[in-house]
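To keep things clear, I will list the structure first and then write my remarks on it.
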Amino acid sequence: MSDYLERYPHALMNTFGPPKLVLVRGEGSHVWDDQGREYVDFLGGIAVNTLGHGHPAVVEAVQRQMSTLGHVSNFFATPPQVELAERLLELAGVAPGAGKVFFTNSGTEANEAAFKLSRRTGRTHVVAAEHGFHGRTMGALALTSKAAYREPFEPLPGDVEFVPYGDADALRAAVSERTAAVLLEPIQGEAGVNVAPPGYLAEAGRIAHEHGALLWLDEVQTGMGRTGRWFASADAGASPDVLTLAKGLGAGFPIGACIGLGEAGDLLQPGNHGTTFGGNPVACAAALAVIEVIESEQLLAHATALGQRLRDGLAADPRVTEVRGEGLLIGLDLVSESSADVVAAALEHGFIINNPTPGRIRLAPPLNLSEADADALVSAWPAILDSAGVGA
Ligand SMILES: *Cc1c(COP(=O)(O)O)cnc(C)c1O
């Protein structure tokens, strides 16, 4: 066993359980552990490493910005911060002025900002979805339905109601004139890649807006090209008021964003919210580089095509009972509740994959994953399922 795995539990809080490996180096979609073993990374740091490891454009942008101006506080503006906010508004389909951005360092903080923004409507009731995940800080946790995450920390900020995901009638019954916001993920990532039924997000928007409530879409996992579109909700006709982003935004550099569209962009006013690091010029420079590379390398189209190829290849094994997701956010249902064994077997075969639930596998590889790497997993897949004893 690696020396670091022995030292880890004595030095780090036991919040994540024992780590699987000690990773020391990455290049593109490949990582190496401290024993010199190589793995293909189909998890991408949980949908974070949009461009894999060490993409030269991101490295160059971070190095250049860090050596030019590393941090200034929000008493001052910086060019990367303003440029990134403008780019994100453009990607969200609005002109600067028709929306505004608040930068954070993580997904949970993007949702905290949006939660506080929603209170500025003068209402407090929030309707969120069962099996949704929005983060681990107290506010975001209040919006997350999983009892095991919430209950040890109650009381949490109140007036949150959970409805079954994908059920427009249940949503309609829950939303009223006292509802500040309806909060949904376009695809529920942590739940194991639950895709909303067609028309659900558009209906959610109509329901929210009929009652003067905000539609807040948490795109922390689904945004930034993950699904083959800049935002998973882009073509859904949902008219969101708030979008939250993080994971893939900095492709490994920590940054999140709360985007208020239309009047929602003006709900937070001076004194209402703040952050020391959020909007840091280095993080913003990283995110600007990520956007440029996704465009120049045409990674939205690549994610769409490669995602289809992976889904088709992996679903060809009859021990996969259902395939879900869009682009390179992929969920696989197995015939048995053996996803932990499959993850362990995949690691033995040199592939990093993930098990969000006992019966489900999730893949969220870099958007620039090669066809050869995708095909390598597809070829090894039956042997991985054999090793894990799935359907034996
Ligand atoms: C990961 C995730 C979060 C939390 O992001 P952190 O950066 O871990 O705080 C929030 N919402 C969704 C949908 C996520 O997938």
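The values are calculated or read from the model by the stated rules, or taken from the named source; none is laboratory data. What you see is a predicted model; the values in this text were computed from it and never measured. Ideal geometry is used to build each Cβ from the backbone, glycine not excepted, and the neighbour counts take in all protein chains shown.
Would you confirm, using the coordinates I've provided, whether Leu314 is under 24 Å from Ser233 (Cβ atoms) and either outside any loop (DSSP other than H, G, I, E, B) or in contact with a His (Cβ under 9 Å, 6 or more places away or on another chain) (or both)?
no
Please verify whether Glu86 is assigned to a helix (DSSP H, G or I), touching a Pro at 6+ places or on another chain (Cβ under 8 Å), acidic (Asp, Glu) and more than 12 Å from the ligand (Cβ to nearest atom), treating the condition exactly as stated. In short, yes. Of the residues making up the range 214-225, those that are more than 10 Å from the ligand (Cβ to nearest atom) and either farther than 20 Å from Lys100 by Cα or aliphatic (A, V, I, L, M) (or both) are Leu214, Leu215, Met224, Gly225. For the range 270-293, the tally of residues that are without any contact (Cβ under 8 Å) to a residue 24 or more places away in the chain and buried (at least 24 other Cβ atoms within 10 Å of the Cβ) stands at 0.
Just one residue in the set Phe76, Phe103 is at pLDDT 95 or above, in the same structural domain as Glu161 (by TED's automatic domain parsing) and either within 16 Å of the ligand (Cβ to nearest atom) or of a type in the set (Gly, Ala, Ser) (or both); that residue is Phe103. Taking the numbered list (1) more than 12 Å from the ligand (Cβ to nearest atom); (2) polar (S, T, N, Q); (3) outside any loop (DSSP other than H, G, I, E, B) in turn, Thr108 passes all entries but (1). Regarding the range 38-53, can at least one residue be identified that is assigned by TED's automatic domain parsing to the domain that holds Leu367 and over 23 Å from the mean Cα position of the chain (by Cα)? Yes, the range 38-53 contains a residue that is assigned by TED's automatic domain parsing to the domain that holds Leu367 and over 23 Å from the mean Cα position of the chain (by Cα). The residues of the range 114-138 that are touching a Ser or Thr at 6+ places or on another chain (Cβ under 9 Å) and within 12 Å of the ligand (Cβ to nearest atom), listed by number, are Ala114, Ala128, Ala129, His131, Gly132, Phe133, His134, Gly135, Arg136, Thr137.
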